[in-house]
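So the structure is just underneath, and the comments pick up after that.
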Amino acid sequence: MVRRIFDHIDNKTTDLGTETWNEPVANYRSQARLDAELDLIKHSFVVFCPSLALAKTGDYVARSAAGVPLIAVRAEDGTAKVFRNACRHRGVQVAEGHGCKRVLVCPYHGWAYALDGQLKNIPHGGGFPEVDAKTSGLVPVPSKEIDGLVYVGQEASDSAASPLEVIPKIIPDNYELVEVDEMDVDANWKLYIESALEGYHIRSTHTQTFFPVQYDNLTVVERFGANSRVTFPYQTIEKLRNKPQEEWSTDGRVTHAYHLFPNVLVSTFPNCLQVVVLEPLGLERTRQHTYLLGRVAEGTDEERKALTESILQGQAFAKTGAIEDREVVMSAQQGLNSGANDQLTFGLFESAIGRLHAGLQRALG
Ligand code: FES
Ligand SMILES: [Fe+2]
């Protein structure tokens, strides 16, 4: 990786794809297409949250995925369980947002569910002579926990899990959850993902954040299955030139942007990373769920303080960069609505975006 980056720096080059990708604008503006994409999300195993958001027994994350309210909880036996977040009485959601509970108690009439989903208590139960507690637990959803990520496959068959095998371990062991954040963006979910998958816009868009410390249009692009990893080096990587090659490490000297097909991004920063799930709410509206993870502080007081500082810096850096991205992405949405373009052209620098669209085309037929 370092060698490839040095070659690009020396030759003023970047990784190139083999072909231009033209994506019809209709694919961003058609409700039928969005419905098919949501259906694809339901039939695939997709990241729901990082395991670190469910670190302790009773920790939960409740949110909608592809329009369906779900809740992931850390059960007593240590496994992550995911349920449809709907009370079996009259459907109210048993918890919202994220937090920690020993029992999930529905806020409407108080039906109570254990962390494994079993119905434990019905207040004034005599009024429900026909309810069988054994068959009235929360409805489970197929899920998998692999390398620090909890995946759900709402309507997925088990064979749908096999594409996960190509995903490398991304989350380091010595990390913890720092922050959970949620924000709505007025743009199609694909426009947003696209903004993370190329380095061609660093100079123009990220004038205050990435450009001063990175490079103009310099990325290494790798693929694994339908997924990609786009690597953005920092200028500090130059320091490695004076070191023997055995000591070269990209640690802290690059940002990796992983695209986990179809709608998840993981971006790494020095001492922290963020897992971002982009939930389509409509053709022009996307909810961004962000889980910020940071390295666990260790060592002397001074070292711990330096680490906390570094994570705060990474967090601010990522947030400001995201604001810059959101501006252009919402503008691109308005541009799609203007009727100027029948298709969007993704050039040779933007091959990871072509891979997203090719993957969707393949999956949707
Ligand atoms: S809807 Fe949940 S207890 Fe009535
Ligand atoms: Fe960007």
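The values are calculated or read from the model by the stated rules, or taken from the named source; none is laboratory data. Since the model is a prediction, treat every value here as computed from it, not as a measurement. Please note: Cβ atoms are built from the backbone with ideal geometry, for glycine as well, and neighbour counts cover all protein chains shown. Keep in mind that these areas ignore ligands, DNA and RNA; they rest on the heavy atoms of the full protein, side chains included. Shrake-Rupley method; radii C 1.70, N 1.55, O 1.52, S 1.80 Å.
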With Cα coordinates, the longest principal axis of the chain makes an angle with the long axis of helix 2-11, in degrees rounded to 10, of 40 degrees
Trypsin sites (Lys or Arg not before Pro) within the stretch 1-46, DSSP loop, no more than 10 other Cβ atoms inside 10 Å
Lys12
Helix 31-43: inclination vs the chain longest Cα principal axis, degrees, rounded to 10, gives 70 degrees
Using only the Cα atoms of the stretch 1-94, build the gyration tensor, take square roots of its eigenvalues as a ≥ b ≥ c, and label the shape rounded, prolate or oblate: rounded if a/c is under 1.5, else prolate if a/b is larger than b/c, else oblate.
oblate
For the chain, which cysteines have no second Cys with its Cβ under 4.7 Å from theirs?
Cys49, Cys100, Cys272
Under 20 Å from a label point 7 Å along Cα→Cβ of Val131: give me every residue in the stretch 78-108 with its amide N that close.
83-96, 102-108
How much of the accessible area of the stretch 233-365, in percent, comes from carbon and sulfur atoms when a 1.4 Å probe is used?
48 percent
Please give the helix 351-364 orientation as an angle from the longest Cα principal axis of the chain, in degrees from 0 to 90, rounded to the nearest 10.
40 degrees
Rounded FRET efficiency, nearest 0.05, which uses the C-beta distance separating Glu155 from Thr18 and R0 of 35 Å
0.50
Loop GluC sites (Glu not before Pro), the stretch 92-174, which have at most 13 other Cβ atoms in a 10 Å radius of their Cβ (DSSP):
Glu96, Glu130
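Filter the cross-link list Lys101/Lys305; Lys56/Lys190; Lys101/Lys319; Lys169/Lys239; Lys144/Lys169 down to pairs whose alpha-carbon distance in this structure exceeds 25 Å.
Beyond 25 Å: Lys101/Lys305; Lys56/Lys190; Lys101/Lys319; Lys169/Lys239.
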Cα radius of gyration and Dmax for the chain (Å)
22.1, 78
Sparse-neighbourhood loop sites, GluC sites (Glu not before Pro) in the stretch 268-348 - DSSP loop, at most 14 other Cβ within 10 angstrom:
Glu298
Counting only protein heavy atoms, what percent of the accessible surface of the stretch 46-155 is carbon or sulfur at a 1.4 Å probe?
52 percent
What 222 nm value per residue comes from the helices of the chain, counting each DSSP H run with n ≥ 4 as -39,500 (n - 2.57) and dividing by all residues, nearest 500 deg cm²/dmol?
-7500 deg cm²/dmol
Full-stretch length increase - Arg90, Glu309 - with 0.36 nm per residue and alpha-carbon distance subtracted
74.1 nm
In terms of the Cα gyration tensor, with a ≥ b ≥ c the square roots of its eigenvalues, is the stretch 172-233 rounded because a/c is under 1.5, prolate because a/b exceeds b/c, or oblate?
rounded
Averaged per residue, what accessible area in Å² does the chain show with a 1.4 Å probe, protein chains only?
47 Å²
